[in-house]
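Here's the structure, in structure tokens; my notes come after.
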Amino acid sequence: MKLENRLPAEGINSSDENPLKELAWLVAGGLAAVFLLVFTVSLAAQWLAPRIPYKYEAKLAATLPPFATTPDNEVGRAVQKELQGIADRLAAQMQLPSEMVLRIGYRDEATVNAFATLGGQVVFFRGLLTRLESEDALAMVMSHELAHLKYRHASAALGRGVAIGVILSVISSDLGSSAAGNVLSTAGLATLLSFNRDQERDADDAALHALHAEYGHIGGAVDLFNVMQTLPGGKRESSSAAVELLRTHPLTQSRVNSVAIWASNNGAATDWPRRPLPPAIASLRGVNKP
Amino acid sequence: MLDLIELGLFVTLLVVGFFAGSIVEKRHYASIRKREREYADVLAYAVRFPPDRVTRQRAFLVHGTVVISSDYFKTFVAGLRNLFGGRVRTYETLMERARREAMLRLKHDARRQGAKLVICVRFETTTISTGWAASIEVFAFGTALIPDHDPALSFPSRPVAAA
């Protein structure tokens with residue numbers, strides 16, 4: 001046997017191809033797959049949610065702790081009663097599911113927000129109520145939240161959340177603790193947010209219809225978005241698409257613009273005299289608790 | 001905002017991983033190629049028996065071991081590759097470097113002890129998982145042979161039938 005020693009061959013067991021090329025293909029493919037999957041599932045959940053009879057949503061909501069709880073003080077209960085009255089009047093204009101029982105809650109917290117959730121519940125925070133100057137602006141918030149209930153956005157969000165949670169957990173566990181899983185999950189979440197923005201636009205549109213039907217003008221919407229622009233954070237909103245992508249609500253400026261467009265399309269006035277706030281809600285403005 | 005910070009951190013790690021990893025890999029390959037020529041006189045084979053079965057040989061175990069880590073970039077690309085399947089190119093270079101380096105260390109061990117021939121060379125590999133990045137250990141071992149020509153010590157390797 002004649003023994004020789006040769007240098008190892010190059011380029012057989014590894015390739016010289018630039019790894020950036022591989023990265024580009026894999027990232028593009030991975031993102032496309034995740035977007036497509038999340039998009040399809042979201043669309044399916046959104047389509048399905050309003051078709052599931054409301055009684056199932058009500059049943060599910062009954063198993064959860066209620067969001068719209070009754071306040072434990074006199075002022076809170078008076079505010080809640082006034083909110084309930086406004087909600088019931090607006091609901092008459094909105095064709096809500098017939099079995100839906102509206103429950104409006106009030107929380108004595110400084111948060112500037114209101115939300116709608118499963119089982120016909122809407123919750124208002126004191127922080128928001130003290131910043132509104134007329135019943136019209138309050139009615140715009142209320143009809144916006146009622147529109148979320150009408151379109152069953154809460155159950156759509158729940159179904160979507162569960163389905164996407166399953167998809168993303170499969171992706172993450174498949175990739176172990178690697179960074180690739182995190183990136184794909186974040187990409188999936190960005191797709192989710194864009195759906196929420198569409199829902200907000202739908203809710204704004206239905207809210208404007210109800211507001212116009214009930215008050216004869218949509219001045220409340222103009223007032224509301226003006227107030228929102230003066231909020232801390234409202235001024236900082238830039239009009240770049242990148243910022244909007246990471247937010248769940250459309251930027252206030254774009255909502256103001258769509259109100260103006262809606263008004264001109266529907267021949268709705270915006271400068272009629274406003275109705276004053278009901279007394280208990282108006283009295284909150286004197287309270288300046290942190 | 002937090003999302004943007006996370007994204008920025010991720011991209012930074014990826015860029016650092018790519019450039020640092022590329023430089024390290026390039027230097028390692030250059031060093032491997034240089035030393036492979038230096039150690040060309042130490043012969044290493046996978047054969048199980050000595051090529052020269054007549055001469056008496058002194059035999060002993062020699063080995064070389066190396067632990068080598070992936071970088072953030074390689075791990076990320078390999079993670080994505082797990083979704084689609086195919087050649088994990090970024091790990092192929094890692095494994096190739098590790099094997100060649102282990103072989104060089106084996107040859108170094110052999111030369112250090114005066115051997116110029118190693119037979120029965122085998123490789124073992126172990127994965128050392130450290131969180132998000134993979135590390136591997138490659139262990140090369142073999143039997144080094146030194147021909148023993150001293151006639152005083154020489155004896156037949158198998159009993160010779162009496163004439």
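The values are calculated or read from the model by the stated rules, or taken from the named source; none is laboratory data. Small disclaimer: the values here were computed from a predicted structure and weren't measured. Positions of Cβ are backbone-derived with ideal geometry, glycine not excepted, and every protein chain shown enters the neighbour counts.
Overview of values
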| item | result |
| --- | --- |
| Residue match in the stretch B:9-28 (condition: over 24 Å from B:PHE139 (Cβ atoms), without any contact (Cβ under 8 Å) to a residue 12 or more places away in the chain and among the small types (Gly, Ala, Ser)) | yes |
| Residue that is farthest from the other protein chains (Cβ to nearest Cβ) [pool: residues in the stretch B:28-81 that are under 21 Å from B:ALA110 (Cα atoms) and part of a helix (DSSP H, G or I)] | B:SER31 |
| Single residue of the stretch B:82-95 satisfying the filter (over 18 Å from the mean Cα position of the chain (by Cα) and more than 8 Å from every other protein chain (Cβ to nearest Cβ)) that is farthest from A:ASN18 (Cα to Cα) | B:GLY85 |
| Single residue of the stretch A:69-80 satisfying the filter (loosely packed, with under 15 Cβ neighbours inside 10 Å and within 28 Å of the chain's Cα centre (by Cα)) that is modelled with the lowest pLDDT | A:THR70 |
| Test: A:LEU26 is more than 7 Å from every other protein chain (Cβ to nearest Cβ), among the aliphatic types (A, V, I, L, M) and not in a loop (DSSP other than H, G, I, E, B) | no |
| Test result for A:LEU83, within 30 Å of B:PHE18 (Cβ to Cβ), hydrophobic (A, V, I, L, M, F, W, C) and surrounded by 15 or more Cβ atoms within 10 Å (Cβ to Cβ) | no |
| Index of the failed condition, A:LEU3 passing every other in (1) in contact with a Pro (Cβ under 7 Å, 6 or more places away or on another chain); (2) more than 14 Å from chain B (Cβ to nearest Cβ) | (2) |
| Some residue of the stretch A:102-111 being over 22 Å from A:ASP72 (Cβ atoms), touching a helix residue (DSSP H, G or I) at 6+ places or on another chain (Cβ under 8 Å) and crowded, with 18+ Cβ neighbours inside 10 Å | no |
| Meets criteria (in a helix (DSSP H, G or I) and modelled with pLDDT under 90) for A:GLY176 | no |
| Meets criteria (out of contact with any Pro (no Cβ under 7 Å at 6 or more places or on another chain), in contact (Cβ under 8 Å) with a residue 12 or more places away in the chain, within 11 Å of chain A (Cβ to nearest Cβ) and farther than 30 Å from A:LEU31 by Cβ) for B:ARG111 | no |
| Residue ID - modelled with the lowest pLDDT, chosen from residues in the stretch B:1-40 that are surrounded by fewer than 12 Cβ atoms within 10 Å (Cβ to Cβ) and β-branched (Val, Ile, Thr) | B:ILE5 |
| Condition check for A:SER238: modelled with pLDDT under 75 and either touching a helix residue (DSSP H, G or I) at 6+ places or on another chain (Cβ under 7 Å) or assigned to a helix (DSSP H, G or I) (or both) | no |
| Search result, residues across the stretch B:39-59 that are under 25 Å from A:PRO8 (Cα atoms) and either among the charged types (D, E, K, R) or in contact with a Cys (Cβ under 9 Å, 6 or more places away or on another chain) (or both) | B:ASP41, B:TYR45, B:ALA46, B:VAL47, B:ARG48, B:PHE49, B:ASP52 |
| Single residue of A:SER42, A:SER15 found to be away from chain B (no Cβ under 14 Å) and surrounded by 12 or more Cβ atoms within 10 Å (Cβ to Cβ) | A:SER42 |
| Residue check for B:THR12: within 8 Å of chain A (Cβ to nearest Cβ) and either among the hydroxyl-bearing types (Ser, Thr, Tyr) or outside any helix (DSSP H, G or I) (or both) | no |
| A:SER258 being more than 14 Å from every other protein chain (Cβ to nearest Cβ), modelled with pLDDT of 75 or more, touching a Pro at 6+ places or on another chain (Cβ under 9 Å) and closer than 22 Å to A:GLN93 by Cα | yes |
| Where A:LEU193 falls short, out of the listed (1) at pLDDT 70 or above; (2) in contact with a Ser or Thr (Cβ under 6 Å, 6 or more places away or on another chain) | (1) |
